[in-house]
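Q: Below you will find the structure I want to go over with you.
The values are calculated or read from the model by the stated rules, or taken from the named source; none is laboratory data. Predicted model only: the values in this text are computed from it and were never measured. Here the Cβ positions follow ideal geometry from the backbone for every residue, glycine too, while neighbour counts run over all protein chains shown. The area values use the complete protein model at the heavy-atom level, side chains included, leaving out ligands, DNA and RNA. Shrake-Rupley method; radii C 1.70, N 1.55, O 1.52, S 1.80 Å.
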Amino acid sequence: MSKRTLPENRSASSRGPATSPPGAAKSRTRRKDLSPAEIAEIFRRFAAENPEPKGELEHTNPFTLLVAVVLSAQATDAGVNKATRALFQKADTPEKMLALGEEQVRDHIKSIGLFRAKAKNVILLSEKLIRDFGSAVPQDRDALETLPGVGRKTANVVMNVAFGAPTMAVDTHVLRVSNRIGLSRGTTPLAVEADLLAKIPRQYGVPAHHWLILHGRYVCKARKPECPRCLIRDICLFPDKLL
Ligand code: SF4
């Protein structure tokens, strides 16, 4: 188990008043905060159960990963994969995507929400990659966030999955699970991201966001968390967990 201790400058959000996580009853509050040893044990168990967690968005290179993540906003990974299989067979580089053109990209992704705006962004980001980055997906956050359709969460996913950076992309699953377990009391993705980066032991920095997403998607579900089969139920601080 890791002996790493909590940094002293924990974020303001982690010291703030208790907030009700999505799905939590509002009548009860958390008794305490997780200790560094408990946090280390949570991630030790995730690592033992699934040593090499993978994201579920299909891709073949950093460019197709970037496009898939841009398309995944307000869409399911399964829905994105269904649309991108044919798209990526035709266009797996910025040049090929540009040659395909916005209309054809739109046709491929029309089953996904916001497909018109997303098709436009895919073409614009392909143009920018060719023009400003030698057709390569940049590895740093500032450069990634200059690309059309790319915000902090998308940049975090690309940096983590394509380039192995210890970033924490906070989506609805990560936010809910972090609140329930007691890893963060933050109510915004940015506050939760800061808490998780400060608290999760360094050796789990790269896979941690996959574990939290998968845990939220398949076990700690929004409406009906499956606490009886949860591998961290004895540590979780969710006041309404089912045992
Ligand atoms: S015990 Fe329940 S609420 Fe806590 S992490 Fe597990 S599934 Fe979620």
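Q: May I ask you to list the GluC sites (Glu not before Pro) in the range 122-220 that are in a DSSP loop and have at most 15 other Cβ atoms within 10 Å of their Cβ?
A: Qualifying residues, ordered by number: Glu145.
Q: At a 10 angstrom cut-off on C-beta neighbours, averaged per residue, how do the peptides 218-230, 108-120, 58-70 rank from highest to lowest?
A: Final packing ranking: 58-70, 108-120, 218-230.
Q: Here is a further query. Roughly speaking, what is the centre-to-centre gap between the range 92-117 and the range 134-185 when only Cα atoms are used, to the nearest Å?
A: 23 Å
Q: What part of the accessible area of the chain, given as a whole %, is carbon or sulfur when the probe is 1.4 angstrom?
A: Accessible surface attributable to carbon and sulfur in the chain totals 53 percent.
Q: I've got another one for you. Could you give the nm distance between label points at Lys82 and Gln139, where each point is 7 Å from its Cα heading toward the beta carbon?
A: 3.7 nm
Q: Here is a follow-up. Cross-link partners among aspartates and glutamates for Lys118, C-alpha distance below 13 Å, same-chain residues fewer than 8 apart left out?
A: Lys118 reaches Glu102, Glu103, Asp107.
Q: Taking only protein heavy atoms and a 1.4 Å probe, what accessible area per residue, in Å², does the chain have with all protein chains in place?
A: Dividing the accessible area of the chain by its residue count gives 50 Å².
Q: Still on this structure, please answer the following. Each residue of the range 205-217 in order: what ³J(HN,Hα) in whole Hz does its phi give by Karplus 6.51 cos²θ - 1.76 cosθ + 1.60, θ = phi - 60°, with x for Gly and Pro?
A: With coefficients 6.51, -1.76 and 1.60, one gets x, 7, x, 4, 5, 5, 4, 5, 5, 5, 5, x, 6 Hz.
Q: Let me ask something else about it. What is the gain in length, in nm to one decimal, between Leu114 and Val219 on full extension, counting 0.36 nm per residue of separation less the C-alpha to C-alpha distance? Numbers along the way, then the final one.
A: Details: separation 105, 0.36 × 105 = 37.80 nm, distance 2.86 nm.
Additional length available on full extension: 34.9 nm.
Q: Would you kindly derive the ³J(HN,Hα) couplings of the range 139-145 from the backbone phi angles with the Karplus curve 6.51 cos²θ - 1.76 cosθ + 1.60 (θ = phi - 60°), listing them in order in whole Hz, with x for Gly and Pro?
A: 9, 9, 4, 4, 5, 4, 6
Q: Sticking with this structure for a sec: Work out how far the C-alpha atoms of the chain reach from end to end along every principal axis, then list the three figures in whole Å, largest first.
A: 57, 34, 32
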